[in-house]
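To start, the structure itself, in structure tokens.
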Amino acid sequence: MPELPEVEITARLIGAATAGKRIESALAPGVNALRTYDPPLPAIEGRQITGVTRRGKLFEVGLEDELTLLIHLMSAGRLQLFDTRASLRDRTSRFLLGLDDGRELRLREFGTKQAAWVKLLRAEDLEAEDTLAKLGPEAFPDPPPFAELLDAPRPLHGLLRDQRVLAGIGRSWVDEILHGAMLSPFKRGSELSDHEAGVLHEATIAALGRAIAHYEDVVSLPIPDKLPMPLTVHRRNGEPCPRCGDTLEAVFYEDYVMCYCPTCQTDGKLLKDRRLSRLLK
Ligand SMILES: [Zn+2]
């Protein structure tokens, strides 16, 4: 599930490789991938790519004449740059940009759902786009102080993942960040002391920064289908805590799992397994 560090490394590598390249062809084989119709897609053929940047978990592919392709991978999309054009049989293809150096920028999506999307927007319409307009400040590299930002009576696990509060963090990195800050996922934002808010702020920058640095070392084009995420807590339930050696625990939800260390984060308390307690009702 691509989050801020995964989108950031992809934007850096693809941005460096495609800047100045011209788009020869643009195709949207995904039935639901292209969510805009004006300007029409053929309008970008012949235009240069000016750069690729990240906003939260989205990509902005800048084009000549102030056009932008806004791309959201959702939960199972990948943006990859290949040396050759996609086979027509590749069922993962959602959006394809053929470039003048023979390469192809490809939005692919794994699994059965077609949720990843692309919007072609004019500069003046970009900031008003629904998803961008709702994004909170960036979680990296320089988020605003947390004491005020997270001052809400909601559990930190949900608050940190709320893109309207803070842009970029999802279900994987939130576990690493809360473990780094030694805070319970269920502690409420409004209950953070100033000291805890400061520790969480630092832990957020540190976890995301380490992940990006790791990817800078090990990831290269075309961008692998599965990035080697350097996670030490998320989905490591049953394994020893990297800090104290206690066994990492998990709370299972319908479509995700929350992992934590009881010793480091919850004063030794085991959090209720929501899945089990529902089954037992
Ligand atoms: Zn621990």
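The values are calculated or read from the model by the stated rules, or taken from the named source; none is laboratory data. Model, not experiment: these values are computed from the prediction. Every residue, glycine as well, gets a Cβ built from its backbone with ideal geometry; the counts of neighbours run over all protein chains shown. Accessible surface areas use protein heavy atoms only, side chains included; no ligands, DNA or RNA. Shrake-Rupley method; radii C 1.70, N 1.55, O 1.52, S 1.80 Å.
Observations on the structure shown:
- The range 175-188, residues that are surrounded by fewer than 24 Cβ atoms within 10 Å (Cβ to Cβ) and either free of Cβ contacts under 8 Å to residues at least 12 places away in the same chain or in contact with a strand residue (DSSP E or B) (Cβ under 9 Å, 6 or more places away or on another chain) (or both): 184, 185, 186, 187, 188
- Of the residues making up the range 200-230, those that are within 16 Å of the ligand (Cβ to nearest atom) and either of a type in the set (S, T, N, Q) or within 28 Å of residue 80 (Cβ to Cβ) (or both) number 1.
- Single residue of 196, 254 found to be loosely packed, with under 15 Cβ neighbours inside 10 Å and either assigned to a helix (DSSP H, G or I) or out of contact with any Phe, Trp or Tyr (no Cβ under 8 Å at 6 or more places or on another chain) (or both): 254
Yes/no per residue for (1) in contact with a helix residue (DSSP H, G or I) (Cβ under 8 Å, 6 or more places away or on another chain); (2) closer than 26 Å to residue 163 by Cβ; (3) assigned to a strand (DSSP E or B):
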{"residue": "26", "(1), (2), (3)": "yes, no, yes"}
{"residue": "32", "(1), (2), (3)": "no, yes, no"}
{"residue": "52", "(1), (2), (3)": "yes, yes, yes"}
{"residue": "74", "(1), (2), (3)": "no, yes, no"}
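- Residues (near the ligand (Cβ under 9 Å from one of its atoms) and open to solvent by 50 Å² or more (accessible area, probe 1.4 Å)) located in the range 257-272: 263
- Failed condition for residue 25, given (1) surrounded by 17 or more Cβ atoms within 10 Å (Cβ to Cβ); (2) in contact with a Gly (Cβ under 8 Å, 6 or more places away or on another chain): (1)
- Pick from the range 231-251, criterion exposed (fewer than 15 other Cβ atoms within 10 Å of the Cβ) and either under 25 Å from residue 111 (Cα atoms) or among the small types (Gly, Ala, Ser) (or both), ranking: farthest from the ligand (Cβ to nearest atom): 238
- Among the residues of the range 1-31, those identified as free of Cβ contacts under 8 Å to residues at least 40 places away in the same chain and over 20 Å from residue 209 (Cβ atoms) are 19, 20.
- Restricting attention to the range 36-50, the residues being assigned to a strand (DSSP E or B) and either among the polar types (S, T, N, Q) or within 19 Å of the chain's Cα centre (by Cα) (or both) number 2.
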